[in-house]
1. Determine the pairs where a residue that is among the basic types (Lys, Arg), located within the range 60-88, has a partner that is modelled with pLDDT of 85 or more with Cβ atoms under 8 Å apart, the partner being 6 or more residues away or on another chain.
2. Could you look through the range 9-37, keep only residues that are touching a helix residue (DSSP H, G or I) at 6+ places or on another chain (Cβ under 9 Å) and not in a loop (DSSP other than H, G, I, E, B), and pick out the one that is surrounded by the fewest Cβ atoms within 10 Å (Cβ to Cβ)?
3. When residues of the range 29-67 are filtered for being modelled with pLDDT of 90 or more and touching a Cys at 6+ places or on another chain (Cβ under 9 Å), how many remain?
4. Give me the pairs: first residue in the range 4-26 and hydroxyl-bearing (Ser, Thr, Tyr), second residue in a helix (DSSP H, G or I), beta-carbon distance under 6 Å, and six or more apart or on different chains, which are they?
5. I'd like the residue in the range 6-21 that is over 10 Å from residue 98 (Cα atoms) and touching a strand residue (DSSP E or B) at 6+ places or on another chain (Cβ under 7 Å) and, out of all such residues, is modelled with the lowest pLDDT.
6. Would you confirm whether or not the range 39-56 contains a residue that is surrounded by 13 or more Cβ atoms within 10 Å (Cβ to Cβ), without any contact (Cβ under 8 Å) to a residue 40 or more places away in the chain, of a type in the set (Val, Ile, Thr) and out of contact with any Gly (no Cβ under 6 Å at 6 or more places or on another chain)?
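The values are calculated or read from the model by the stated rules, or taken from the named source; none is laboratory data. This structure is a prediction, so every number in the text was calculated from the model and none was measured. All Cβ positions, glycine included, derive from the backbone under ideal geometry; neighbour counts span all protein chains shown.
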Amino acid sequence: MLTQVAREYIHSNSVGNLKLCKEAIQETEELLEPLYEEKNILGYQLLLIESSLDAEYHLLEGQFEAFTKGPLPFVCSFIQPTENSDFDFDRLMKELHYIRVNV
């Protein structure tokens, strides 16, 4: 995982559907990679959480259950913007059907 200042999102449209989770990861990575290359973000991580063990290992807090309502799998995304970036990540992620977890 990135640092504590990373923004954390859950992809809402794919919860419980492995195929949609994989599609969401691919689509999200295609949009985040150029932002990384342009130095708008220090880094990002897209996690496919398929089991409760995955959730326990990768996620520090159980906040995701409030957003997923329990079903697995789901996609969790961490984005760490650069200090000087004025890019609206929350808007981008909302357009991709992500819900911000750590506000």
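1. Hits for this filter: 69/15.
2. My answer is 31.
3. Count: 6.
4. 9/93; 14/20; 14/21; 14/24
5. At the first step, the residues of the range 6-21 found to be over 10 Å from residue 98 (Cα atoms) are 6-7, 15-21.
The next check asks that each one be touching a strand residue (DSSP E or B) at 6+ places or on another chain (Cβ under 7 Å); those that pass are 6-7, 15, 21.
Working: 6: 85, 7: 89, 15: 93, 21: 96.
This residue is 6.
6. We begin by selecting, within the range 39-56, every residue surrounded by 13 or more Cβ atoms within 10 Å (Cβ to Cβ); these are 40-50, 54-55.
Going one step further and asking which of them are without any contact (Cβ under 8 Å) to a residue 40 or more places away in the chain, we end up with 46-50, 54-55.
Remaining after also requiring of a type in the set (Val, Ile, Thr): 49.
Subset that is out of contact with any Gly (no Cβ under 6 Å at 6 or more places or on another chain): 49.
Yes, because at least one residue in the range 39-56 is surrounded by 13 or more Cβ atoms within 10 Å (Cβ to Cβ), without any contact (Cβ under 8 Å) to a residue 40 or more places away in the chain, of a type in the set (Val, Ile, Thr) and out of contact with any Gly (no Cβ under 6 Å at 6 or more places or on another chain).
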